[in-house]
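> The structure's right below; bear with me while I get my questions together.
The values are calculated or read from the model by the stated rules, or taken from the named source; none is laboratory data. Computed from a predicted structure; not experimentally measured. Using ideal geometry, Cβ is built from the backbone for each residue, glycine included, and neighbour counts are taken over all protein chains shown.
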Amino acid sequence: MRLGVCYYPEHWPESQWAYDAARMKALGLSLVRIGEFAWSRIEPSPGHYEWDWLDRAIDTLAGAGLEVCLGTPTATPPKWLIDAEPGILCCDAHGRPRHFGSRRHYSFSSQVYQAETRRICAALAGRYARHEAVTLWQTDNEYGCHDTVESNDPDARRAFQSWLAAKYGRIGHLNTAWGTVFWSQEYRSFDEIDPPLATVTEAHPAHRMDWRRFSSDQLIAYNRLQTETLRGAGVAAITHNVMGHFTQFDHFALGEQLDLTVWDSYPLGFLEQAWWDDATKKTYARTGHPDFAGFHHDLYRRVGAGRFGVMEQQPGPVNWGTYNPAPAAGMVALWTLEAFAHGAELVSYFRWRQVPFAQEQMHAGLNRPDNSAAEASGEIGLVQACLADLDTRPCTDTAQVAVLFDYAAQWMHQIQPHGRSFNPDELSLAFYTALRELGLNVDIVRRGDTFDAYDMVVVPSLPDLTAAELARLEDSGAQILFGPRTGSRTADFAIPGTCAPGPLQRVLPIRVDSVESLRPGVGSPAGAETVIHWREFISAAIACHRPDLFGPDLVWRQGRFTYLGAWLAPAALKVLICDVAGQAGLAPIDLPDGVRLRRRGDTIFAFNYGPDANALDQVATQLPHPALPGPADPDLARRVRIFRP
């Protein structure tokens, strides 16, 4: 477990660099990320490289005993390149270019930009690949941020047509798969097909689904261009910093190209931007939702095949939320220790010093613009003290429960939610929250994984469930819980011939006859106290499971398989999760509000996101292990407790 920081030497006088580096080292930091937005300083005019300043910056950090993560600067192509090649700009749904003056203003499909990317990455790697202090490389920055996965530019349009031709072979096969006979949408050739954007009303869902797949593939191919260029020069390990609450591309495919997957954790900023109601946002305004960070730690641990970290950890108020409160005392330390408990090998803070100019001048850092230490700096020492007493070697524990997460499934629900309140990200987190409220360790798994190591597998919703995936779940021997809309579509975005839940009918003799989406505050006539957002009406050859607990015709079970035909309110979902966990032989713990546990090896971490200062004392009475001596800092002591046998 290493601690690091993001730093921009080009923002500060060179006379300050050595002072900054010495303070970083004294604070206990060991890795410094630099360079990911510095293209205009590296290459101020076409073909004219200025390396001296970057040489000195890296050597200064190395001289203080710090390692460097060097970012490729492709997220911010400079003005001279835009003026020379305006066709590299990404375009909106109407094909209008998005202009220079911010960041991420390029199209992944631009062949010109791909060549420029290969050139600048080769130059950077040629200069620093063998520098002993540069031990990690970051490709680009936050792929897709600011709604930039999709681009309706000419290069993307041509690439999409070629992608479709490669997938379907003949235009007749595409017409059949999509069902283009509807609304006279049949095509004579692949060259006739445009991106499904800016249409009068809803574009064809199968067309939109393939566009989403294509756009994700373009991003992945662009990252592969970078990783192949860097590896060809012999660089050290490669990473990329993905985001939270972001499902516009397949992160699992990206992770296959990386040595380490890192993500950018901003619990307070994302709380404000997400779906939670005002009461929840008020309760957790200064801590973040108890499951936001944990879910993403578990997700990106799987994306990284076990190796993950946090490249940007929020240290104070951000500048981009609807509201931007300061973290409660002890929370920066809690977020850091929670990442460690989930298996992170790096937590890096954003940023070293608050910048006094430009777009991010309202974003806090570890230091204020005048070099005085900000509040978060003091919490790093608390983290170091806790880690000193723990085994920090890599942890490969398998959790008790697996949650299956799939990006294509998210896209299907986003394309046709059938109701404004059906948010697939919210649904996935609802199941995860219910598990964590019961003190259960969770692994996120992907399609194609095996499930033999788990006692319980939760599938929040997998609309295009296949027979092969169902067979793997059967072979696991685990208790399996399927959420609503599972098996409701084919891979071509059509309703299965046998109706939903499609292949699942082989193990559960049920059929979804009709569905309804529910306005907030309007319950379903059946199970009105427990159902929100979504309800399915099911005919079955078996009796529904526990109507006394969940209401009539909501939960169906046969053998090890349970199907939930509704979106349950949190309290009811927690009861169902507890019921299935009991069938799996697990022993849930009913935790106080806002408290979460995470087991790492023989150590149990308890984290208190809630307002009750005594909540961790209640947890201690339910655990078999004694607590280690608590941190001397009272704010951290009320937030974190560590138990070991």
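> For the range 85-100, give me the residue count where each residue is touching a helix residue (DSSP H, G or I) at 6+ places or on another chain (Cβ under 9 Å) and of a type in the set (Gly, Ala, Ser).
Residues that pass the stated criteria total 2.
> Further question on the same structure: Which condition does residue 67 not pass, out of (1) in contact (Cβ under 8 Å) with a residue 60 or more places away in the chain; (2) closer than 18 Å to residue 156 by Cα, if it passes all the others?
(2)
> Also: Any residue at all in the range 205-221 that is free of Cβ contacts under 8 Å to residues at least 12 places away in the same chain and either assigned by TED's automatic domain parsing to the domain that holds residue 121 or touching a Ser or Thr at 6+ places or on another chain (Cβ under 8 Å) (or both)?
No, that holds for no residue.
> Does at least one position in the range 527-535 carry a residue that is of a type in the set (Phe, Trp, Tyr) and either outside any strand (DSSP E or B) or within 30 Å of residue 626 (Cβ to Cβ) (or both)?
no
> Here's a follow-up. Free of Cβ contacts under 8 Å to residues at least 12 places away in the same chain and either part of a loop (DSSP other than H, G, I, E, B) or in contact with a helix residue (DSSP H, G or I) (Cβ under 7 Å, 6 or more places away or on another chain) (or both): which single residue out of 399, 430, 358 fits that description?
358
> Anything in the range 191-203 that is of a type outside the set (D, E, K, R), more than 10 Å from residue 415 (Cβ to Cβ) and in contact (Cβ under 8 Å) with a residue 12 or more places away in the chain? List them, or say none.
Across the range 191-203, the qualifying residues are 193, 195, 197, 198.
> May I ask you to list the residues in the range 5-24 that are aromatic (Phe, Trp, Tyr) and assigned to a loop (DSSP other than H, G, I, E, B)?
7, 8, 12
> Hey, could you check the range 606-621 for residues that are surrounded by fewer than 22 Cβ atoms within 10 Å (Cβ to Cβ) and in contact (Cβ under 8 Å) with a residue 40 or more places away in the chain and say which is nearest to residue 590 (Cα to Cα)?
610
> Can you name the condition, by its number, that residue 413 falls short on among (1) within 20 Å of the chain's Cα centre (by Cα); (2) more than 20 Å from residue 340 (Cβ to Cβ); (3) outside any helix (DSSP H, G or I)?
(3)
> With the requirement that a residue be touching a strand residue (DSSP E or B) at 6+ places or on another chain (Cβ under 7 Å), within 13 Å of residue 389 (Cα to Cα) and free of Cβ contacts under 8 Å to residues at least 60 places away in the same chain, what does the range 622-640 give you?
Once the filter is applied, which keeps residues that are touching a strand residue (DSSP E or B) at 6+ places or on another chain (Cβ under 7 Å), within 13 Å of residue 389 (Cα to Cα) and free of Cβ contacts under 8 Å to residues at least 60 places away in the same chain, the range 622-640 yields 627, 630.
> Moving on. Quick check: anything in the range 581-594 at pLDDT 95 or above, assigned to a helix (DSSP H, G or I) and touching a strand residue (DSSP E or B) at 6+ places or on another chain (Cβ under 8 Å)?
yes
> Collect the residues in the range 381-400 that are surrounded by fewer than 12 Cβ atoms within 10 Å (Cβ to Cβ) and among the small types (Gly, Ala, Ser), keeping them in residue-number order.
Passing the criteria: only 388.
> If you don't mind, another one. Taking only pairs six or more apart or across chains, which ones have beta-carbon atoms under 6 Å, a first residue in the range 468-479 that is surrounded by 19 or more Cβ atoms within 10 Å (Cβ to Cβ), and a second residue that is assigned to a helix (DSSP H, G or I)?
Cβ pairs passing all conditions: 470/503; 479/580; 479/583.
> Here is a further query. I'd like the residue in the range 288-314 that is small (Gly, Ala, Ser) and over 19 Å from residue 394 (Cα atoms) and, out of all such residues, is surrounded by the fewest Cβ atoms within 10 Å (Cβ to Cβ).
Only one residue tops the list, namely 288.
> Just to be sure, is residue 134 surrounded by 15 or more Cβ atoms within 10 Å (Cβ to Cβ) and over 23 Å from residue 93 (Cα atoms)?
yes
> Just the residues that are small (Gly, Ala, Ser) and under 19 Å from residue 451 (Cβ atoms), please, taken from the range 409-433.
Within the range 409-433, 409, 428 qualify.
> For the range 540-547, check the following and say yes or no: at least one residue is over 29 Å from residue 399 (Cα atoms), touching a Lys or Arg at 6+ places or on another chain (Cβ under 7 Å) and modelled with pLDDT under 95.
Checked against the condition, which is being over 29 Å from residue 399 (Cα atoms), touching a Lys or Arg at 6+ places or on another chain (Cβ under 7 Å) and modelled with pLDDT under 95, the range 540-547 yields no hits at all.
> Looking at (1) loosely packed, with under 14 Cβ neighbours inside 10 Å; (2) touching a strand residue (DSSP E or B) at 6+ places or on another chain (Cβ under 8 Å), which is the only condition residue 13 fails?
(2)
> Sticking with this structure for a sec: Restricting to the range 7-43, name every residue that is of a type in the set (Val, Ile, Thr) and in contact with a Ser or Thr (Cβ under 9 Å, 6 or more places away or on another chain).
If the condition is that a residue be of a type in the set (Val, Ile, Thr) and in contact with a Ser or Thr (Cβ under 9 Å, 6 or more places away or on another chain), then 32 is the only one that fits.
> Just to verify a result, which residue in the range 25-57, among those that are in a helix (DSSP H, G or I) and closer than 27 Å to residue 105 by Cβ, is farthest from the chain's Cα centre (by Cα)?
By that ranking, first place goes to 53.
> Out of the range 107-147, which residues are among the β-branched types (Val, Ile, Thr), closer than 23 Å to residue 83 by Cα and in contact with a Ser or Thr (Cβ under 6 Å, 6 or more places away or on another chain)?
117
> Additional query: Suppose we filter the range 322-339 for residues that are surrounded by fewer than 24 Cβ atoms within 10 Å (Cβ to Cβ) and within 18 Å of the chain's Cα centre (by Cα); how many remain?
Residues that pass the stated criteria total 0.
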